[in-house]
Amino acid sequence: MPTADRSRRAFIGTAAAGAAGALLSRALPAVRAQGADARLEILIDERIGTIAPEIYSHFVEHLGGVVYDGIWVGEESAVPNVGGVRKALVDALKKISPGVIRWPGGCFADSYDWHDGIGPADKRPRRTDFWADSRPSQNRTATTGPQRFDPNRFGTNEFVRFCRLVGAAPYIAANVRSLPAKDFYQWVEYCNAPAGATTMSELRAATGEQEPFGVRYWGVGNEPWGCGGNFTPEEYAAEFRRFTAWVPKYGVPLRYIAAGPNGGDREWTTRFFKALTARGAGALNDVFGWALHYYSGSTGNRNAIEFTTDEWYELLARADRMESLVTQHWAAMAESDPAHKVKLVVDEWGAWHAGAAEMPPNYLWAYPGSLRDALVAALTLDTFNRHADKIAMANVAQLVNTIHSLFLAREDRFTVTPNYHVFAMYAAHQGAAAVRAVFSAPAIAFGRAQALWGLAGSASLRDKALTVTVVNPHAADARDCAVTVRGGAVQSARATVLSSTDLRAHNSFEHPDALAPRQTAVAVRAGGVQYTFPAASVTRLELTLA
Ligand code: AHR
């Protein structure tokens, strides 16, 4: 567990840049302010761009306990629900202003026939689920229940109902691997055509949904380099063109999202864009977003809660790779799209551990997540904020009961995870102007000659309200920091912090508040702030400027 032995420090500045080891050389002022061992300068006149509210978006796949039990409990359930949707989830999710929810997958999307999920519930067919034979480990597999045989009880109407209940926009991923483009057009028609116009919209109206759903975001497949069809980039570019050509719009500005690379696969990006634009750059007009997927994985034996201090740093450093992935793919996109018409959509991200023993084996990859995962969430969201000019949307994988989830739910039990608290703390960034923040703090050495920055974060401005979010990844050392605002003066300040002396701190059904944010005092001095970021912490500073 944490010791204070990490003394091999270099006093190096990080221009909020991230990328483990990629410590930038902005010089630290020679004199330490008020004995601080770190500095943060916020340059409010250096605007990066508006932080798309959609960066704070979610992902829901019919996988394990995500849809059935996590979201959908059914109208007849003893679990409190709103039209079949778990009420505790609705109440908690609403509070963090979810931008968009992506559904039905993931890999599941490319085996899903949307026709199966509409109409009278008792007439819907049962199908073998995409994940039925998945074996994340010997004893954890989808042997029973809706996780093996999909009852199709949660279909398009139920998904849209869920989105409406929480105030999120729907983002639907189409099946490219196992259905023709015609089914995609008809899905758009079912969702968006006015009642009475077509047979598809009549089908919708017959379910009581007279008003079109107005679905704007449409994903064209998922991971076509893998479960989405094993395409080459050129083959997928041809599919993308075919699927998106001449789709009836019904007055809705459709935003197509093309399925992009797995992590650092730059070649997928360059070859897709080259193939797409082979007959002219006009093809770029049909692409709203280029979807990057990056999971930072796990460490050691993949246990979400048990890890060493080196594994703490290792996971944070891996998550920090998001910084270089964003810039690397952005540069690759520019080769065919120099004006950057197409933005990045990181529609799957998170740490990915093995399932916890207290969750049923068919709830694949369900675990509570610890303080370590909260720092992964925070440093990733900070990365997105810093690249507000490039990123149009990001969807954490996934919402509930799997991978980097914000919630854990099992029958009548429910808890938020530490990730939820990070999303709540960071919600203030949504729609604000990202401004440059320059951190200077001692770097942290760990493992075999690896390094991680000492402090990083992001800042955004809305009128006089400056929101600054900061991660101190040091397992044992607090960081005393002088915060100055170039181009402004701080009038008042308050802080919210998520931290614990136990790196493994997490919430459970029995102790849902074991790890929760708390308010701390902030000293305002001469138009700036002196603040001590606790070890292993995520902090939000709310600064009001004069
Ligand atoms: O989120 C789980 C899976 O990870 C998704 O189905 C797939 O897109 C990715 O590989």
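The values are calculated or read from the model by the stated rules, or taken from the named source; none is laboratory data. None of these values were measured; they are calculated from a predicted model. When we count neighbours, we look across all protein chains shown, and the Cβ atoms used for this are built from the backbone with ideal geometry, even at glycine. Calculation scope for accessible area: heavy atoms of the full protein, side chains included, ligands and nucleic acids excluded. Shrake-Rupley method; radii C 1.70, N 1.55, O 1.52, S 1.80 Å.
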Listed residues Arg102, Arg127; which is at pLDDT below 95 and touching an Asp or Glu at 6+ places or on another chain (Cβ under 8 Å)?
-> Arg127
Please find, within region 43-67, the residue that is farthest from the ligand (Cβ to nearest atom) out of those that are touching a Gly at 6+ places or on another chain (Cβ under 8 Å) and farther than 30 Å from Ala366 by Cβ.
-> Asp45
For Thr141, all conditions in the list (1) modelled with pLDDT of 95 or more; (2) in contact with a Pro (Cβ under 7 Å, 6 or more places away or on another chain) hold save one; what is the number of the exception?
-> (1)
Of the numbered conditions (1) closer than 24 Å to Gly447 by Cα; (2) free of Cβ contacts under 8 Å to residues at least 24 places away in the same chain, Asp320 satisfies every one except a single condition; which is it?
-> (2)
Within region 442-450, identify whether any single residue is open to solvent by 10 Å² or more (accessible area, probe 1.4 Å), touching a residue at least 60 places away in the same chain (Cβ under 8 Å), polar (S, T, N, Q) and more than 16 Å from the ligand (Cβ to nearest atom), and answer yes or no.
-> yes
Subset of region 361-388 [within 16 Å of the ligand (Cβ to nearest atom), among the hydroxyl-bearing types (Ser, Thr, Tyr) and at pLDDT 95 or above] | Tyr367, Thr380
Could you tell me which numbered condition Trp72 fails, if it satisfies all but one of (1) more than 30 Å from Lys390 (Cβ to Cβ); (2) surrounded by fewer than 21 Cβ atoms within 10 Å (Cβ to Cβ)?
-> (2)
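Within region 363-474, considering only strands (runs of 3 or more DSSP E) that don't extend past its boundaries, which have at least 2 residues that are small (Gly, Ala, Ser)? Before you say what the answer is, go through the steps one by one.
On the way: elements: 391-397, 407-410, 413-416, 433-442, 444-446, 450-452, 456-462, 465-472.
Because the criterion is at least 2 residues that are small (Gly, Ala, Ser), the strands (runs of 3 or more DSSP E) in region 363-474 that meet it are 391-397, 433-442, 456-462.
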Members of region 342-360 that are within 16 Å of the ligand (Cβ to nearest atom) and within 12 Å of Met393 (Cα to Cα) = Val345, Val346, Asp347, Glu348, Trp349
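Scan region 194-207 residue by residue and report those that are open to solvent by 50 Å² or more (accessible area, probe 1.4 Å) and either within 16 Å of the ligand (Cβ to nearest atom) or not small (Gly, Ala, Ser) (or both).
Going through region 194-207, the residues open to solvent by 50 Å² or more (accessible area, probe 1.4 Å) turn out to be 194, 196-197, 199, 202-203, 206-207.
Result: Pro194, Thr199, Glu202, Leu203, Thr207.
Looking only at region 177-193, which residues are hydrophobic (A, V, I, L, M, F, W, C) and open to solvent by 10 Å² or more (accessible area, probe 1.4 Å)?
Keep residues of region 177-193 that are hydrophobic (A, V, I, L, M, F, W, C), which gives 179, 181, 184, 187-188, 191, 193.
Matches in region 177-193: Leu179 only.
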Exactly one of (1) away from the ligand (no atom under 16 Å from the Cβ); (2) free of Cβ contacts under 8 Å to residues at least 40 places away in the same chain; (3) not in a helix (DSSP H, G or I) is unmet by Cys191. Its number?
-> (3)
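One line per residue, one yes/no per condition, for (1) hydroxyl-bearing (Ser, Thr, Tyr); (2) touching a Ser or Thr at 6+ places or on another chain (Cβ under 8 Å); (3) over 30 Å from Ala193 (Cα atoms):
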{"residue": "Gly221", "(1), (2), (3)": "no, no, no"}
{"residue": "Asn230", "(1), (2), (3)": "no, no, yes"}
{"residue": "Tyr236", "(1), (2), (3)": "yes, no, no"}
{"residue": "Ala259", "(1), (2), (3)": "no, no, no"}
{"residue": "Thr269", "(1), (2), (3)": "yes, no, yes"}
{"residue": "Arg279", "(1), (2), (3)": "no, no, yes"}
Residues Gly228, Gly260: which one is surrounded by 20 or more Cβ atoms within 10 Å (Cβ to Cβ), under 26 Å from the mean Cα position of the chain (by Cα) and over 19 Å from Ser336 (Cβ atoms)?
-> Gly228
Of all residues making up region 323-349, the number that are touching a Ser or Thr at 6+ places or on another chain (Cβ under 7 Å) and in a strand (DSSP E or B) | 1
Taking strands (runs of 3 or more DSSP E) that do not extend beyond region 483-546, which have at least 1 residues that are over 18 Å from Val471 (Cα atoms), without any contact (Cβ under 8 Å) to a residue 40 or more places away in the chain and open to solvent by 40 Å² or more (accessible area, probe 1.4 Å)?
-> 523-525
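Among the residues of region 164-185, how many are without any contact (Cβ under 8 Å) to a residue 24 or more places away in the chain and either under 25 Å from the mean Cα position of the chain (by Cα) or part of a helix (DSSP H, G or I) (or both)? Can you show your working first?
So in region 164-185, the residues without any contact (Cβ under 8 Å) to a residue 24 or more places away in the chain come out as 164, 180, 182.
Those still in the list that are either under 25 Å from the mean Cα position of the chain (by Cα) or part of a helix (DSSP H, G or I) (or both) too: 164, 182.
Matching residues across region 164-185 total 2.
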Residues of region 37-68 classified as open to solvent by 10 Å² or more (accessible area, probe 1.4 Å) and of a type in the set (S, T, N, Q), total = 1
Could you please tell me which pairs satisfy a Cβ distance under 8 Å, a separation of 6+ or placement on different chains, a first residue in region 382-408 that is closer than 16 Å to Glu348 by Cα and open to solvent by 10 Å² or more (accessible area, probe 1.4 Å), and a second residue that is acidic (Asp, Glu) and away from the ligand (no atom under 15 Å from the Cβ)?
-> Ala392/Glu54
